[in-house]
Amino acid sequence: MTRLLLTALALAAWTSGASAQPRDACPAERGCTVADGRYRLILPEPPPADGEKRGAIMFFHGWQGSAEETLADAGLQALASRLGVALIAPDGAGKTWSYPGSPGRHRDEFAFVAQVLDDVSSRFPVDSSRIMASGFSQGGSMVWYLACRMPDRFKAFAPVAGAFWEPLPASCASPRPPLIHMHGTADMTVPLAGRALRNGFRQGDVFRSLAILAPTAPAVTVADIPTQPSGLSCRALAAPGDAPLELCLHEGGHGVDPAWIERAWLRTMGPERRATDHLSVKR
């Protein structure tokens with residue numbers, strides 16, 4: 001899978017010294033363990049005052065990735081430092097995720113994620129009501145299933161380049177959570193329409209996934225979201241007053257930019273919600 005793409009914004013913030021390097025709370029040699037697996041976690045510096053808790057981003061790596069690779073990504077580290085949030089990196093068993101339809105059959109991922117969330121809230125100064133789930137490729141698909149099955153355990157969801165797999169879920173738990181999906185129109189690894197893989201597995205269609213998660217949202221196509229040479233073009237699909245729901249497209253292929261995740265955080269995580277200047281949002 002394509003590695004995370006670093007942006008000039010992320011590199012500038014990381015190298016300028018504007019934010020102190022986050023603290024590794026689960027060193028690589030042991031990580032943090034729960035009954036069904038392990039995870040890594042870094043905390044922003046300076047540490048919070050006594051009794052203060054920080055929000056967090058739980059990021060799910062792509063196929064053949066790892067928690068170590070997630071925490072080693074300078075763009076994600078810079079993102080966590082800029083936002084002042086913890087970065088939680090679950091480790092996929094077999095370097096994959098065993099959600100419904102996935103070739104992986106290693107564990108109950110929903111039980112594992114619940115264990116990680118419980119462990120984090122009991123051990124670290126993380127606000128369990130302000131955690132956003134994000135992920136790339138297979139990790140993005142994992143985020144879709146969490147939004148469908150466990151919407152109450154996260155504040156918002158920001159999947160990138162991954163959706164439900166076949167057979168698609170019949171329905172999802174309600175109420176629908178905030179979700180911002182990001183995808184490249186030239187992505188051939190995980191196309192917007194999905195594709196068949198060997199041994200009978202099939203990636204799902206993003207537009208059909210949206211219809212399952214949000215049955216009352218208006219149907220859209222690629223033509224409804226004209227892209228631009230750089231950045232994202234986004235279409236808001238939620239009715240006024242409903243939880244945010246957006247489909248964001250770019251002209252590139254299979255990749256992720258930390259700035260997109262930052263935008264999703266700012267638009268979904270509370271009163272500080274705002275759009276990044278260089279991104280357009282269409283209704």
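A few remarks follow.
- Here segment 77-138 yields Rg over Rh of 1.00, to two decimals, using C-alpha coordinates and the Kirkwood radius.
- If R0 is 51 Å, the Cβ-Cβ spacing of A196 and L266 corresponds to a FRET efficiency of close to 0.90.
- When the chain is treated as a GNM with alpha-carbon contacts under 10 Å, the residue of L79, L168, L146 showing the greatest mean-square fluctuation is L168.
- Computed over the alpha-carbon atoms, the chain gives an Rg to Rh ratio of 0.93, Rh here being the Kirkwood radius from the mean inverse distance.
- Exposure proxy ranking for H254, H106, H181, based on other Cβ atoms within 10 angstrom of each Cβ and starting from the fewest, stands as H106, H254, H181.
- Theoretical gain in end-to-end length, S171 to A219 [0.36 nm per residue, Cα-Cα removed]: 15.6 nm
- Extension gain (nm, one decimal) between A35 and R23, 0.36 nm per residue minus Cα-Cα: 1.9 nm
- Residue-by-residue Karplus 3J(HN,Hα) for segment 49-55, coefficients 6.51, -1.76, 1.60, Hz, glycine and proline x: 5, 3, x, 7, 10, 10, x
- Whether segment 101-251 is rounded, prolate or oblate, judged on the alpha carbon gyration tensor where a/c under 1.5 counts as rounded: oblate
- Within the chain: Cβ-based charge dipole about Cα centre, in debye rounded to nearest 20 (Lys, Arg +1; Asp, Glu -1): 400 debye
- Under 5 Å between amide hydrogens, built in the peptide plane, is the criterion, and for V126 it picks out R54 among residues at least 5 positions away or on other chains.
- Gained length - A111 relative to S230, 0.36 nm times residue gap less alpha-carbon distance: 39.0 nm
- Of A86, A49, A133, the one that fluctuates the most in a GNM where the chain has Cα springs shorter than 10 Å: A49
- Using θ = phi - 60° in the Karplus curve 6.51 cos²θ - 1.76 cosθ + 1.60, the 3J(HN,Hα) couplings for segment 250-260 round to 9, 7, x, x, 8, x, 9, 10, x, 4, 5 Hz; x is entered for Gly and Pro.
- Taking a ≥ b ≥ c as the square roots of the eigenvalues of the alpha-carbon gyration tensor, segment 161-233 is classed oblate because a/c is 1.5 or more while a/b is no larger than b/c.
- Convex hull per residue volume in Å³, alpha carbons only, for segment 24-160: 99 Å³
- Whole-Hz Karplus values for segment 86-91 come out as 6, 10, 9, 10, x, 9 Hz, taken residue by residue from phi with 6.51 cos²θ - 1.76 cosθ + 1.60 and θ = phi - 60°; glycine and proline positions read x.
- Less than 5 angstrom separates the built amide H of G252 from those of T185, A186, all sequence-distant by 5 or more or on a different chain.
- Protection proxy ranking of 209-219, 259-269, 182-192 - average other beta-carbon atoms within 10 Å, highest first: 259-269, 182-192, 209-219
Each reported figure results from applying straightforward, stated rules to the coordinates on display, with no laboratory input. No experiment lies behind these values; they were computed from the predicted model shown. So basically every Cβ, Gly included, is an ideal-geometry build from the backbone, and we count neighbours across all protein chains shown.
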